[in-house]
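Asker: Before I ask anything, let me first share the structure, which is written out below as C-alpha cells.
Nothing in this text is a laboratory measurement; each read-out follows from the coordinates by a stated rule. The shown structure was predicted, so the numbers you read here are calculated from the model rather than taken from an experiment. Neighbour counts run over all protein chains shown; Cβ positions are idealised from the backbone, glycine included.
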Ligand SMILES: [Zn+2]
C-alpha cells in the first residue's frame, strides 16, 4: 500500500515496522488489539521489541482507523437489518393478502399456515426493529379485520 492511499498512515523510514513488508498485517493486529507478544512471535525475522511496537503506534492513526472500522461494521450491520425487515414486511403483506382471500371455513389449514407464518414474521420483525409492541395483539387485529371482510 502506498502512502497516498492511506491518509491514516505516516511512514517513518527509521521504523522497523514501517519499513517491513508485514506493515499492513501488523497494523491490522494492532487495530484488533492483539498483544505485543503475539506480534513479536509472529514476525521473528523483524526481531521486534515492545518499544519498537509502541513507537510504531505513533506512525499510524489507530484511533482514526478504529473509528472508521467501527462505523463501517455498524453500517454493514444496519444494512443487513434493513434488508431483513424489508423481506419480512414482504412476507407479512403477502400472507395478509392471502389470508384475506381464503375462506377460513373451506380452507382452515391454509389460513392456519398463513397465520403462523405471518405471526412468526411479525415477531421477527419486531425483534429486529427492537420494538417491544406486542406482536400477538397486532396479529389478532389483522385477523379480525380479515374475518370482517369475509362476512
Ligand atoms: Zn512505524
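Asker: What is the extension gain from residue 106 to residue 52, computed as 0.36 nm multiplied by their sequence separation minus the C-alpha to C-alpha distance, in nm to one decimal?
Answerer: 11.6 nm
Asker: For the range 3-60, restrict the atom set to alpha-carbon positions and state the Rg and Dmax in Å.
Answerer: Considering the range 3-60 through its Cα atoms, Rg and Dmax are 10.6, 30 Å.
Asker: Evaluate the range 30-130: find the radius of gyration of its Cα atoms, find its Kirkwood radius, and give the ratio Rg to Rh.
Answerer: Rounded to two decimals, Rg over Rh is 1.43.
Asker: Measure off 7 Å from each Cα along the Cα-to-Cβ vector at residue 80 and residue 24, then give the distance between these two points in nanometres to one decimal.
Answerer: About 2.4 nm separates the two model spin labels.
Asker: Treat each spin label as a single point 7 Å out from the Cα along the C-beta direction, and report the residue 97 to residue 59 distance in nm.
Answerer: If labels sit at residue 97 and residue 59, their model points lie 6.1 nm apart.
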